[in-house]
Amino acid sequence: MASLMVLTEGAFFLCPAYADARKDTMAVAERTLQQLDVVVSGRDKRLRTSTPSISVDAEKLRLSGTTDISDAMRRLPGVYLRDYGGAGGMKTVSLRGLGSQHTGVIYDGIMLSDVQTGQVDLSRYSLTDIASITLNAGENDDIFLPARASTSSSTIVVNTFSDRDFLNPALRLDARMRMGAFSMYNPYVKIGKSIAEKFVISATADFLSAKNDYPYTLAGENSKESYRRENSQMNAGKAELGCSWRPTSSSSFAAKIYYYGADRHLPGPALYYNPDNNERLRDENTFAQASCRTRLSSVLSLQGNAKFNWSRSHYTDRDEVHPGGLLDRLYFQREYYAAAALLYAPAPGLQLDYSVDWVLNNLNSTQPDDTRPYRNSILQMIAAKYRYRWLSVTAKALYSIYINKAVAGEDGKNAGRLSPSLGFSFQPVGDRLLFLRASYKNIFRMPTFNELYFDHYGSINLNPEITDQINAGVTWSLPENGAVEEITVTCDGYLNFVKNKIVAIPYNMFVNRMMNLGKVRVLGLDATLNSSLRLTSRQRLMLAATYSLQRAAPVTDPAMSDWMKQLAYVPLNSGSGSVTWDNPWVTVGVSASGCSSRYTTNENIPGTRLPGYMELNFTVQHIFQFRGHILELRADLINALDTRYELVARYPMPGRSWQASLAFRL
């Protein structure tokens, strides 16, 4: 059946809606057959992973009614999203109670970074560009990766190129216009071209403007006041130029140039009788990256990666509390990155890998006491993977060296540490798609530059946070049979420990200092269901659901007020679900996501409790095909029940809203 699926997919891309009439049919068929092993092994790999790994492609994202990348993240198990509200607002991801600084984001094979804060703002990346998103809770089973890909407790892998791009040599145009409530406008255009089915080039431009003046309510003990969000205007633009070249079946090269610029008003926390805020932030980020892979011989393969990253943040605050009535700060970051990996496959089922990465980060600002810190990172990893019939074992050892320096001040601490990981997947019954897995990973997080050097806040004596992750789980899948296209169920239990937790401790009435005082234990359970049922030859019903239970508690000292209380902002229960009826007329989708109550402090004081919520969304969409072109219409009703809630305290989320989009593709 897998062969039939692949051949059908190849024929689908030969239809006039996707291909030029002059396309060489035999060449495309040959190319499709070459993809066969890749597709089949890809499905098998997804089931056999020794750590929880969930992958969603662009088609599933579209059919499930996902509106943006933050919506996609909320539908993944164990994920808690910090969203400051409104289109284009900052969005960061925390996985399994470990915090957003423990979650790495890999964009087209190379890690994104922000050494100043340690957090990646996912709002800077467009869902429309994404070919697939993969969430790895723990270590990645793939060993032929840069060493830096293993430096985070968990990773989100974003890919913008897919094999489909190589199947269509005709010029491709994707033009979209998305509009929504609260004066949101989002034009988007992407142009792509493949040459001789070996070289693909694409250019993307994306602009987002939103006033974000949505209504919200502040409720006190004896009063309730209604306001509109003010000073929340957002204008952001993004451009990408990328290419991918596959000269042979065993060699590839990819490169990308990226630019992002944003000018936004910061609305600040929602306070009684004080809706005004005069903070403003201008961000710029650009990077250029390249990666290549080649097979040197029948047993040796080589990979190389390089990247340069530059970012600028300009923060201003007009307020009488500042000298002259204005606080004006500029921050600049630069990163230089190079990596190489060598894969050796001496016997069937056995792979060995050695990877080495070098990273140089620096930061300077216009702060009066700026120390101009910089960091050299040297990362080396050896890894082995063995697979024989029903058993797959992966082992990695990462040795990290971090050298901290400051041009105009005292240096932060250096660090060097060996971090092991081990995972295995076991198929107890050979002819059944049932897999058991278990894994362990040890890794540490270096303090950010803000935590080390920020005035009246940082401490150069900080040690890294050390995490230990233990996971055990099961995956069961029903083979494709008649009306059943897919039914896959996963369930994972995990135990995480964090040592040397970095926390802010009051030094005096006006100053907080970062210190290594905390220990955290997270005990949790993640479960997922994905299914696709064929109703008729042209209709299918798709269902997806996730559930997470997280008991995350500080365990530093029984005498402390936060002992065994739920960690701040971590919900005990969270989940999501979606149902989609895909048909030739109007595809209809319903989705819901939500979580139980949370606290904004580790002490769980009643006054810091954030109520739980559930957000319900509806989507309708239809695709018209005419003269080899595609016209897609879509409408979304977001938060249909007008639920009022906060993901970050005093930053209210929008209530009921709508979006409509028109897309044209050729």
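The values are calculated or read from the model by the stated rules, or taken from the named source; none is laboratory data. Just so you know, these numbers come straight off a predicted model, no measurement behind them. Glycine gets a Cβ as well: all are built from the backbone with ideal geometry, and neighbour counts include every protein chain shown. For accessibility, only protein heavy atoms count, side chains too; no ligands or nucleic acids. Shrake-Rupley method; radii C 1.70, N 1.55, O 1.52, S 1.80 Å.
Overview of values
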| read-out | value |
| --- | --- |
| Per residue, in Å², the accessible surface of region 145-256 once ligands and nucleic acids are set aside, probe 1.4 Å | 43 |
| Solvent-accessible heavy-atom area per residue, rounded to whole Å², over region 472-582 at 1.4 Å | 49 |
| Accessible area (Å², 1.4 Å probe, nearest 10) - M542 | 30 |
| Positive-pole candidate from S153, N136, Y125, dipole of region 98-181, charges at beta carbon | Y125 |
| Estimated FRET transfer efficiency (L271, D468; beta-carbon r; R0 51 Å; 0.05) | 0.80 |
| 25 Å Cα-Cα reach of K307 towards lysines, excluding residues that sit fewer than 8 places from it in its own chain | K91, K190, K193, K198, K238, K256, K396, K405 |
| Whole-angstrom Cα spans of region 110-158 along principal axes, big to small | 29, 28, 17 |
| Cα-Cα separations in region 176-334 greater than 25 Å, expressed as whole percent | 55 |
| Estimated Rh, region 59-176: Kirkwood, alpha-carbon pairs, angstrom | 15.4 |
| Accessible area, probe 1.4 Å, largest first, for residues R74, R176 | R176, R74 |
| Mean separation of Cα contacts under 8 Å (6+ apart) over length of the chain, as relative contact order % | 11 |
| Cα-Cα P(r), region 382-489, percent of pairs per 5 Å interval | 2, 10, 15, 13, 11, 10, 9, 8, 7, 6, 5, 3, 1, 0 |
| Net lengthening on full extension, K405/A196 (0.36 nm per residue, minus Cα-Cα) | 70.3 nm |
| Quotient of Cα Rg and 2.2 N^0.38 Å for the chain, N being how many residues it contains | 0.96 |
| Gained length - S162 relative to D642, 0.36 nm times residue gap less alpha-carbon distance | 169.1 nm |
| Over region 245-371: Rg over Rh, Cα atoms, Kirkwood Rh | 1.24 |
| Unit charges at the beta carbon, dipole of region 374-479: most positive-side option, I460, F424, L398 | F424 |
| Per-pair calculated FRET efficiency, R0 = 60 Å: R534 and R334 via Cβ, rounded to 0.05 | 0.70 |
| Descending principal axes extents, region 452-500, alpha-carbon based, whole Å | 65, 21, 10 |
| Charged-residue dipole, Cβ positions (Lys, Arg, Asp, Glu), the chain about Cα centre, Debye nearest 20 | 1040 |
| Heavy atoms of S249 accessible to a 1.4 Å probe, total area in Å² rounded to 10 | 130 |
| Two-decimal Rg to Rh for region 570-666 - Kirkwood Rh, Cα set | 1.16 |
| Residue-level accessible surface for H102, protein heavy atoms, 1.4 Å, Å² | 10 |
| Å³ per residue enclosed by the Cα convex hull of region 490-622 | 139 |
| Å² of accessible area per residue within region 325-449, as computed with a 1.4 Å probe and no ligands counted | 47 |
| Region 311-434: radius of gyration over Cα atoms, expressed as a fraction of 2.2 N^0.38 Å | 1.72 |
| Cα-based reach from K499 at 13 Å (exclusive), listing aspartates and glutamates while leaving out same-chain residues under 8 positions away | E465, D468, D557 |
| Hits among aspartates and glutamates - C-alpha to C-alpha of K211 under 16 Å, sequence gap 8 or more where chains match | E230, D263, D276, E279 |
| Accessible heavy-atom area order of K501, K256, highest first, probe of 1.4 Å | K501, K256 |
| Cβ charges +1 (Lys, Arg) and -1 (Asp, Glu), total dipole of region 172-293, debye | 740 |
| Carbon and sulfur %, accessible surface of the chain computed with the full protein complex present, 1.4 Å | 60 |
| Per principal axis, descending, Cα span of region 176-227 in whole Å | 71, 19, 10 |
| Normalised contact order of region 478-623, rounded percent, pairs of Cα under 8 Å and 6 or more residues apart | 17 |
| Residue (of F308, L296, N285) at the positive-pole extreme of region 231-317, dipole from beta-carbon charges | L296 |
